[in-house]
Amino acid sequence: ALLAMDPAEFGDELFYPSRLEILKRQALAIDAMRHVRTPVKLVLVGRGPDERSLRERIAALGLQDRIRLEVGVTDDRLHELYRDALGVYFGPFDEDFGYVTIEGFAAARPVVTLTDSGGPLEFVRQEETGLVAIPEPKAVAAAFDRIWSDREAARAWGLAGHRLVRETVPEWPAV
């Protein structure tokens with residue numbers, strides 16, 4: 001569905017949809033937001049066992065004005081969040097494939113991932129389709145700031161990711 005939609009204008013938020021659990025490392029993204037220098041915001045979407053601890057971490061760090069957590073969103077809302085995002089963050093540990101990367105590119109958004117994220121590294125190419133950071137809060141923050149500050153590059157990376165998905169990822173009927 002996202003591939004069929006025209007890319008929307010960039011928003012001000014990085015979007016991270018994923019199951020709320022330790023291997024998806026939302027806590028690292030939250031910690032990174034303590035170090036950003038730009039007005040970038042973060043939207044976490046999902047469900048899972050870490051929801052409560054993530055909400056508590058956001059509150060304890062005083063980041064409620066910079067980070068929003070949405071639980072149980074509809075597919076339409078998910079598409080809206082992808083399309084309105086500035087970029088997509090996907091920072092799991094050793095993910096096998098990760099549809100978040102593909103969906104981000106389908107929405108023509110650059111993707112920030114991590115050097116140890118596994119499958120997303122097959123698609124996220126440094127400064128070609130997004131950014132690859134080391135799994136450390138200040139490095140992730142620097143990537144978030146780069147996406148915010150260099151929107152021309154971010155737009156080009158998102159469009160390159162969009163082309164990559166169109167050219168290399170089989171469509172659902174083929175899968």
Taking the options F105, F93, F97, F123, name whichever one is without any contact (Cβ under 8 Å) to a residue 40 or more places away in the chain, of a type in the set (F, W, Y) and farther than 17 Å from V40 by Cα. F97
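Would a scan of the range 148-167 turn up a residue that is assigned to a strand (DSSP E or B), in contact (Cβ under 8 Å) with a residue 12 or more places away in the chain, touching a strand residue (DSSP E or B) at 6+ places or on another chain (Cβ under 9 Å) and not charged (D, E, K, R)?
Residues of the range 148-167 assigned to a strand (DSSP E or B): none.
No, the range 148-167 has no match at all.
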Of the candidates A106, A174, A154, the one satisfying the condition of being at pLDDT below 95 and buried (at least 18 other Cβ atoms within 10 Å of the Cβ) is A106
If the requirement is being out of contact with any His (no Cβ under 8 Å at 6 or more places or on another chain) and either over 26 Å from R151 (Cβ atoms) or outside any helix (DSSP H, G or I) (or both), which of these qualifies: L28, L81, L63? L63
Residue check: is G98 at pLDDT below 95, within 12 Å of S18 (Cα to Cα) and surrounded by fewer than 14 Cβ atoms within 10 Å (Cβ to Cβ)? no
Hey, any hits in the range 70-84 for a residue that's surrounded by 18 or more Cβ atoms within 10 Å (Cβ to Cβ) and more than 21 Å from P7 (Cα to Cα)? no
Go through the range 117-135 and give me each residue that's more than 16 Å from W157 (Cα to Cα) and either among the aliphatic types (A, V, I, L, M) or touching a Phe, Trp or Tyr at 6+ places or on another chain (Cβ under 6 Å) (or both). G119, I134
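The values are calculated or read from the model by the stated rules, or taken from the named source; none is laboratory data. Source: prediction; values computed, not measured. As a convention, Cβ positions derive from the backbone with ideal geometry for all residues, glycine included, and neighbour counts pool all protein chains shown.
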